[in-house]
Amino acid sequence: MEQVGRTDKTNYYLDIAQTVAERGTCLRRNYGAIIVKYDQIVATGYTGAPRGRKNCIDLGECLRDKHQIPRGERYEMCRSVHAEANCIISASRQEMIGGVLYLVGVEVKTGELVPNADSCAMCKRMIINAGIDRVVVRNTPTEFTEILVRDWVFNDDSLSGSTGY
């Protein structure tokens, strides 16, 4: 039985993922991701440039913003590694198999949650191969969407494209 005023476990993990997003270095939107298995955090990841490269916040510009590239398009123009990818590369596959990835996106300019946040096609492929069972995405401070990764396998969107970040 939940105690009155106590945060439920899903929102507890989403709160942690949202805190991880605060480390992000993107000028458009920052994401935080954590992988949890057996009620233990296995890995965390946030949006940022590859190690040793300058981040957009250091350069003071985002090429995708500069060229008005819409969300979900032309990722090759982005300096960042996505939060999900950074999270996955920080853990062994054995630790991730059967786990849950919690994902939160925050708009940098407004501080608001990213509406309809979703993993991009490349991150979906990595999540599938990592053996993660579910992805939980924050919609509001208390509401979320749970996605069964096997649905991504059976409903292959790689032929039709995906919006994602």
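Kindly indicate the residue of segment 96-135 that is open to solvent by 30 Å² or more (accessible area, probe 1.4 Å) and of a type in the set (S, T, N, Q) and also farthest from residue 42 (Cα to Cα) among those meeting that condition.
110
Which one of the conditions (1) farther than 20 Å from residue 121 by Cα; (2) assigned to a loop (DSSP other than H, G, I, E, B); (3) not small (Gly, Ala, Ser) does residue 73 fail to meet, given that it meets all the rest?
(1)
Name the single residue that is surrounded by the most Cβ atoms within 10 Å (Cβ to Cβ) among those in segment 3-23 being under 17 Å from residue 90 (Cα atoms) and more than 11 Å from the chain's Cα centre (by Cα). Lay out the reasoning, then the answer.
Filtering segment 3-23 down to residues under 17 Å from residue 90 (Cα atoms) leaves 16-17, 20-21, 23.
Keeping just the survivors that are more than 11 Å from the chain's Cα centre (by Cα) gives 16, 23.
Details: 16: 17, 23: 15.
Checking each candidate, the answer is 16.
Under 6 Å between Cβ atoms, at least 6 apart or on separate chains: pull out the pairs that start in segment 136-165 with a residue that is closer than 19 Å to residue 36 by Cα and end on any residue that is modelled with pLDDT of 95 or more and exposed (fewer than 11 other Cβ atoms within 10 Å of the Cβ).
Note: pairs meeting the criteria are 136/146.
So, in segment 24-46, of the ones that are touching a residue at least 40 places away in the same chain (Cβ under 8 Å) and among the polar types (S, T, N, Q), which residue ends up surrounded by the fewest Cβ atoms within 10 Å (Cβ to Cβ)? Give the derivation first.
So in segment 24-46, the residues touching a residue at least 40 places away in the same chain (Cβ under 8 Å) come out as 24-37, 42-46.
When the remaining residues are screened for being among the polar types (S, T, N, Q), the result is 25, 30, 44.
Values: 25: 18, 30: 25, 44: 21.
If we take residues in segment 24-46 being touching a residue at least 40 places away in the same chain (Cβ under 8 Å) and among the polar types (S, T, N, Q), then 25 is surrounded by the fewest Cβ atoms within 10 Å (Cβ to Cβ).
Of all residues in segment 114-140, which are in contact with a strand residue (DSSP E or B) (Cβ under 6 Å, 6 or more places away or on another chain), of a type in the set (D, E, K, R) and either in a loop (DSSP other than H, G, I, E, B) or within 17 Å of residue 96 (Cβ to Cβ) (or both)?
Matches in segment 114-140: 134 only.
The values are calculated or read from the model by the stated rules, or taken from the named source; none is laboratory data. Predicted, not measured: the structure shown is a model, and the values here were computed from it. Cβ atoms come from the backbone with ideal geometry, glycine included; neighbour counts cover every protein chain shown. What goes into the accessible areas is simple: the full protein's heavy atoms, side chains included, and nothing from ligands, DNA or RNA. Shrake-Rupley method; radii C 1.70, N 1.55, O 1.52, S 1.80 Å.
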